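Derivation of every value follows stated rules applied to the coordinates shown; laboratory data play no part. The model shown is predicted, which means the values in this text are computed figures rather than measured ones. Positions of Cβ are backbone-derived with ideal geometry, glycine not excepted, and every protein chain shown enters the neighbour counts.
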């Protein structure tokens, strides 16, 4: 029996920091709660794996306020990845002890494997 597994790559890379941040101490945003995306039915049945890389804006409360697909191996994964990431919660980035808005890049991996 084939089973599909979804693996979320929870590594977060900082994207496009303004120069002012480079001169001050900054703590990046940290994931507090991650929600796994659904695996698209058609791709699930076909055993197709993929990766969607999403750039997100994290507000000072730790909410995802905007998303942009930076790269995608299959557009059928995009809406599922975005839907999940918008439900994620973060400890906001800090600059000089204060919460700040930040941008992160999150790769979401959809992995089909036999089980």
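Summary of computed values
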{"quantity": "Point-to-point label distance, residue 87-residue 32, nm (Cα→Cβ direction, 7 Å offset)", "calculated": "1.7"}
{"quantity": "Potential lengthening between residue 74 and residue 113 on full extension [0.36 nm per residue; Cα-Cα distance subtracted]", "calculated": "12.3 nm"}
